[in-house]
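Right, one structure below, let's go through it.
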Amino acid sequence: MNTKLKWFLLFLTASFIVACDSGSSSNADKEEEDDCTIDTDGTVQVFSPKGGEVFHIGDTITVKYGAKYADGTGFRILYYFDSESQGIDLTEESVGPEAPKGDQCYTEKVVLAGEDFPTSEEAFIRVRDYSNGSVAGNSKNFQVAE
C-alpha cells in the first residue's frame, strides 16, 4: 500500500475517533443538563440562571425550572439583589403549570427592569408557588450591572 495512502487513512481514522468522542460527551452533558425530573412533592428547582452570569438592567433572561407540586397554583418569579432583600416580582401574574408532575422543564422569559431596579453582585432568582411561598427554589448567584 502506498505510504501517502497509509498516512491519509491513519489521519482519517484519528479524525473520526476524535469527532465521535467529542460529540458523545457533549450529548451526555446536554441530556444531564436538560433533566428536570423532580421526585419529591412540594419541590421547585431552578436550573437557569446557572450562576456566575453578568446581566444588565433591561436584559431579558430565561428562567428554567422544574417542579413537582400537586397543590400548585402556578408560579411567581422573583428577583433578589441579596439574601436580605425583598423579592421584586418579575411576572405580572401566575406563570407555568398549576400542578406540575415533576417530569419536565419549564421556561419563562423575564426582564430585569423596573423603577430604581437594583444592581447586584450576588443576585438570584426565586421561583415560588404563587400562593404558597414556602414551596420555592433559588437559582445560583449572578451579577446585575447597569
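Nothing in this text is a laboratory measurement; each read-out follows from the coordinates by a stated rule. Only a predicted model underlies this, so the values are computations on that prediction, with no experimental measurement involved. Quick reminder, even Gly has a Cβ in these numbers, built from the backbone with ideal geometry, and neighbours come from all protein chains shown.
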Exercise for review: Could you list all residues from the stretch 129-143 that are crowded, with 16+ Cβ neighbours inside 10 Å and not polar (S, T, N, Q)?
Suggested key: 129, 130, 135, 136, 137, 142
Revision key, fill the gap. Counted residues in the stretch 75-104 being over 14 Å from residue 139 (Cα atoms) and either charged (D, E, K, R) or within 18 Å of the chain's Cα centre (by Cα) (or both) come to 16
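This table checks each residue for (1) surrounded by 12 or more Cβ atoms within 10 Å (Cβ to Cβ); (2) touching a residue at least 60 places away in the same chain (Cβ under 8 Å).
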| position | (1), (2) |
| --- | --- |
| 87 | yes, no |
| 90 | yes, no |
| 94 | yes, no |
| 104 | yes, yes |
| 110 | yes, no |
| 114 | yes, no |
| 127 | yes, yes |
| 145 | no, yes |
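Which one is farthest from residue 128 (Cα to Cα) among residues in the stretch 100-117 that are of a type outside the set (Ser, Thr, Tyr) and touching a Lys or Arg at 6+ places or on another chain (Cβ under 9 Å)?
First pass over the stretch 100-117, keeping only residues of a type outside the set (Ser, Thr, Tyr): 100-105, 108-117.
Going one step further and asking which of them are touching a Lys or Arg at 6+ places or on another chain (Cβ under 9 Å), we end up with 100-103, 105, 108.
On the way: 100: 13, 101: 15, 102: 14, 103: 17, 105: 15, 108: 13 Å.
Among those residues, the one meeting the criterion is 103.
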